[in-house]
Every structure is written in structure tokens, then in C-alpha cells.
Amino acid sequence: MLLQGLLVSALLALPAPAAPVDILPEISAVPGGVVTLPLEVPAGDEPQVTFNGARAMVLPHAGRWLAVIGIPLGTAPGRSEIVVRQGSTTTRVGFDVAAKEYAVQKLTVPPGQVNLSKADLARVEKERLRIRGALATFSEGRPETLRMLQPTAGPRSSSYGLRRFFNDESRSPHSGMDIAASSGAPVQAAAAGTVIDTGNYFFNGNTVILDHGAGLVTMYCHLNRINVESGQRVDAGEWIGEVGATGRVTGPHLHFGVTLNGTMVDPALFLPAE
């Protein structure tokens, strides 16, 4: 608890001492990755940073401000930039995004599992808007750390960015990480945060979404049981539910997603190496 308190103090102070490396995620300047960008602005008021129009995380780090940016999976390789505003001054900071090829999976399934009925399509669209709104949450508090706990024990069975084809029809790339686990296995909060949504969704099944502050949001899907409610504050490692097979799945597992500045990024960048 003493060490955790020291880390929080380091984040909240400005100018700040060099922050320990383990509070930052692994850096990967590719579509679906994360970059950290030092901001050359005067000491003083916290600057506001946007990327693709969405507000992004800013942390005090090593005596300066540091932007932590999630790169959308659909970003084309090449030059990107963030917009930095401090007081009446606006500047732009560029960075390069490298190409990355993600794996491809082709599956043959019954047509009814690919082509949804009108009623199911209407439900999915309504739920998509609700989920998207929750994942785009930006609250003013900063996360205690950007290094997370794996939310349930088990092998990471399906990686982020996997491109899936069902009966040769392309579907959206996999936006999170699947962790293989048996039904009823405990699921813990990957980091301290506040529950901003729980519900049962067509594709995601029983779902919990946590806000960790400054645009960092995590999502836990296909749960057999939800053990928290909206508005509840949870600690890192606190039990929030159990692994299940609810929603559109073929068997029990946990789908774990991480969002930065409103975009889904690779959860592996925030977790310990396997």
C-alpha cells in the first residue's frame, strides 16, 4: 500500500520525478498500439491533447507532460499527429505509425450464425451505441498505473487484431483478447476503477465496463455472473464476476478489451508477458 501511494503521488505532482517504468504500457507504434509523446510545453497548467478529435490521456512524467495515445486499428501506416492546447496556444506533435500484419482466421459456420434477423440487428445496433458511449468515457481522474493485472488465469487464446472470415464473409477484426478459462472461474478488475456499465448484450453477453480515468477503459465480456453494479468503485484485483459463455460464443472464456482515447487497443501492451 505504501508503494502504491508513492506511485499515485508521483503521478499527481507537477513537476514530477521520473516515473517508474512499470506505470507505463509497452510502446508499439502500430495500428492498435500505444505511443507516449513528450510535450514540449511550458511548465504550468496541464495541456489538453486530442487525437482524431478524441481527448487523450496526459500524465506528468520526468518533469514534463507526457501524452499517452491509443492508435486505432484502422490507422494507415505513415505520419499521424496530435493536437496540443495549453491556454491560448495550439501546437501539433507528429509521430510515425508502422505497418503491422495481424493474423487471419477463416471459419465455416451455419448461415444463421452469420446473417442476423431484423430483430437481432435492431438489438445489436442499439447495444452498439450504448457500448460505444461507455468505451468513449473520459473522466478527469488519472489511473494509478497503466500496468494491469491479467483479469483471469488462463492462456490468451485469441489475439487482438485477428481478422475473421465467416463463410468467406469478412467481419470486424478482433478488438480485444480472449483468455481461455473454465466456466465459473473468477474475474478480477485489471486495475482500480469505477463501474460505468453492466448489462447483457447480444454479442458480448454479460458484460462489465470499468473507467480507470483519463480515457482508459476496460471491458469484460461473456460473464456467467456479474458481481458489481454501476457506480461502484473497485480496487485492482477485486472480484467483479465469473467466466461464462453468455452472448455469441462457442464456449466459456473471457473477452477482455482495453480502450484509450475512445479506441480499442491491444490489451497485451498493458499486461505482464506470458
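The values are calculated or read from the model by the stated rules, or taken from the named source; none is laboratory data. Note that the coordinates shown come from a computational prediction; the quantities given were computed from them, not determined experimentally. When we count neighbours, we look across all protein chains shown, and the Cβ atoms used for this are built from the backbone with ideal geometry, even at glycine. Accessible surface is based on the protein model in full, side chains and every heavy atom, while ligands, DNA and RNA are left aside. Shrake-Rupley method; radii C 1.70, N 1.55, O 1.52, S 1.80 Å.
Just name the residue that is nearest to G141 (Cα to Cα) out of those in the stretch 196-247 that are among the aromatic types (F, W, Y) and in contact with a helix residue (DSSP H, G or I) (Cβ under 8 Å, 6 or more places away or on another chain).
Per the criteria, the residue is Y201.
Among the residues of the stretch 55-71, those that are open to solvent by less than 30 Å² (accessible area, probe 1.4 Å) and under 19 Å from V217 (Cβ atoms) comprise A56, M57, V58, L59, A67, V68, I69, G70, I71. Out of the residues in the stretch 121-145 that are within 17 Å of V234 (Cβ to Cβ), at pLDDT below 95 and of a type outside the set (V, I, T), which is surrounded by the most Cβ atoms within 10 Å (Cβ to Cβ)? Restricting to residues being within 17 Å of V234 (Cβ to Cβ), at pLDDT below 95 and of a type outside the set (V, I, T), the top hit is P143. Please work out if D178 is without any contact (Cβ under 8 Å) to a residue 60 or more places away in the chain and surrounded by fewer than 24 Cβ atoms within 10 Å (Cβ to Cβ). So D178 does not fit the description; no.
Look at the stretch 230-255 and say how many of its residues are among the aliphatic types (A, V, I, L, M), assigned to a strand (DSSP E or B) and within 24 Å of I23 (Cα to Cα).
2
Within the stretch 230-265, the residues that satisfy the criterion of being at pLDDT 95 or above and charged (D, E, K, R) are R233, D235, E238, E242. All conditions in (1) touching a strand residue (DSSP E or B) at 6+ places or on another chain (Cβ under 8 Å); (2) open to solvent by 20 Å² or more (accessible area, probe 1.4 Å) hold for T250, with the sole exception of (1). Restrict the check to the stretch 36-54 and report whether at least one residue is surrounded by fewer than 18 Cβ atoms within 10 Å (Cβ to Cβ), in a strand (DSSP E or B), at pLDDT 95 or above and touching a Ser or Thr at 6+ places or on another chain (Cβ under 8 Å). Scanning the stretch 36-54, I find at least one residue that is surrounded by fewer than 18 Cβ atoms within 10 Å (Cβ to Cβ), in a strand (DSSP E or B), at pLDDT 95 or above and touching a Ser or Thr at 6+ places or on another chain (Cβ under 8 Å), so the answer is yes. For L66, the requirement of being part of a strand (DSSP E or B) and touching a residue at least 12 places away in the same chain (Cβ under 8 Å) is met. Scanning the stretch 72-85 for residues that are under 18 Å from the mean Cα position of the chain (by Cα) and surrounded by fewer than 13 Cβ atoms within 10 Å (Cβ to Cβ) returns a single hit, G74. Filter the stretch 216-274 for residues that are of a type in the set (D, E) and either within 29 Å of R55 (Cα to Cα) or under 9 Å from the mean Cα position of the chain (by Cα) (or both) and give the result. Passing the criteria: E229, D235, E238, D266.
Kindly evaluate D22 against the criterion of being modelled with pLDDT under 80 and among the acidic types (D, E).
Yes: the conditions hold for D22.
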